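Okay, structure first, notes after.
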Amino acid sequence: MIALLCFVLAVLIAPFKLKSRLEAENAALRHQLSVLRRKMHGRVRLTNNDRLFFIWLYRWFPSVLKVLTIIRPETLLRWHHTGFRRYWRWKSRSFGGRPRTDAELRALIRKMSIDNPLWGAPRIHGELLKLGFEVAQSSVAKYMVRRRGPPSQGWRTFLRNHAPDIAAMDLFVVPTIGFDLLYAFIIVRLDRRELVWTNVTANPTAEWIARQITQAFPWDETPRYLIRDRDRVYSAAVTVLQSYARYYNELRTHHSLKKDAPIHRAIESRGTIISRPVLGGLHHQYCRI
């Protein structure tokens, strides 16, 4: 039933389509006569309006190719394709927006991303601002290196892989029967939960704790990592964080400080950009010389 209905509609519309096609061909012939009347000497000269007329006529009625005499059909097709390209080039033209990012800046963003795997777009953007570059954070994210490796290991996987090299220490208070307070110090190996050292003192000091650590581990059993809390008693006798403190306060940019360091860091706009490793290469400092 649907096929029969489509056939009937096609039969009814055919006379009107045939009439429009004939009118288009007549229009093409009349316009060609007008062009020939304008001919003075030599070859026929077509204006842009003539080309536009034939292009639009062909667009709606391709059958006009059969009545063209002053131009070749392939010429009209070439005009049509050229006009089509120019139209869409005009349609997709730029209306301003962000300027293009220089190749040098794109290379610098990639280098920062490779050298500092822990840095995201905000950190790299903050460094670029301090080096005098005016660039959006979204542009930084666009040109960063995409890492497609496996997802980072979880805390449980990390402990399972590195537990033989990790020990933990803690200091806690033990009340006595005489209402005095003693400080118990313990060290535990994480792989087998082995209690490797215990001692008690009434006056814990950093030197005393350092001596306990030295006595707990012989030279061939020293753990690679030693976990502790942030008790002030450990002091610098146990660990030295001066390099990280300097990096954090003077160099590291913070989003909450409008991409500035806690101790104001001046913007450097001139000179060659160099990088210096910080904390064994975990981070990098970028400056100009």
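Read the figures in this text as sums done on the coordinates, not as results from a lab. Note that the coordinates shown come from a computational prediction; the quantities given were computed from them, not determined experimentally.
Here, segment 167-224 has an Rg and a Dmax of 12.6, 41 Å when only alpha carbons are counted. Taking segment 16-91 on its own, what percent of its Cα-Cα pair distances exceed 14 Å? Roughly 63 percent, once rounded to a whole number.
With viscosity 1.002 mPa s and temperature 20 °C, the Kirkwood radius over alpha carbon pairs of segment 50-188 converts through Stokes-Einstein to a diffusion coefficient of 92 µm²/s.
Gyration tensor analysis over the Cα atoms of segment 161-284 returns equivalent ellipsoid semi-axes of 39, 20, 12 Å (largest first, whole Å). Reducing segment 68-143 and segment 245-285 to their Cα centroids gives an inter-centroid distance of 29 Å. The length gained on full extension between ILE289 and ARG89, counted as 0.36 nm times the residue separation minus their Cα-Cα distance, comes to 67.6 nm.
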